[in-house]
């Protein structure tokens with residue numbers, strides 16, 4: 001009926017109509033509240049954006065450790081390792097292995113992008129300047145270091161939210177410092193290695209060399 005007309009039905013008929021309307025509304029509410037319905041309403045974990053591949057992770061601009069914006073697009077065409085790092089972790093000596101890996105493969109198209117994060121055990125409490133000085137003086141790090149970010153939870157940087165949303169075995173939040181992701185020359189994340197997998201582990205080297213050969 002028109003929005004401003006008066007319902008002229010008899011009271012009993014009108015009451016019956018209202019009860020029926022209420023029953024339908026309740027049924028719709030219960031249906032929408034079921035787990036299956038809620039799940040159906042949820043968007044896919046990660047969808048392509050325009051022509052971008054869902055695993056393309058080199059479309060961000062992030063400040064480096066000196067506070068200068070860096071477009072990750074500049075690394076497209078290289079094989080890249082993305083790694084969350086910390087200065088006071090039992091795995092911190094992996095910095096030396098990362099630097100050695102970079103020295104060996106940089107000339108053939110490899111780069112490491114390191115993201116300091118204090119998510120685990122308060123093991124990266126320092127400022128960007130302190131982190132940079134530590135990495136340079138202790139391990140002679142030459143690969144790019146970025147500003148300290150968060151890599152887990154609601155406050156995670158969008159890069160790490162995207163990595164977490166990828167299908168297994170790539171997906172999921174980092175479980176600790178020095179979680180490593182390999183990115184192919186097209187900018188797509190293709191492999192993940194957990195913190196205790198050393199940068200010079202045979203399985204990691206095998207995958208890295210295969211990507212460099214592509």
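Just so you know, all these numbers are worked out from the coordinates, no wet-lab data involved. This is a predicted model, so every value here is computed, not measured. Every residue, glycine as well, gets a Cβ built from its backbone with ideal geometry; the counts of neighbours run over all protein chains shown.
With a cut-off of 18 Å on the backbone N, the residues of the range 83-102 near the modelled label site 7 Å out from residue 74 along Cα-Cβ are 83. Annotation for residue 190 and residue 104: the two label points, set 7 Å from Cα along the Cα-Cβ direction, are 1.9 nm apart.
Length available on full extension from residue 97 to residue 64: 0.36 nm per residue minus the Cα-Cα distance, which gives 9.7 nm.
In the range 61-213, the DSSP beta bridges split such that about 55 percent are antiparallel, to the nearest 5.
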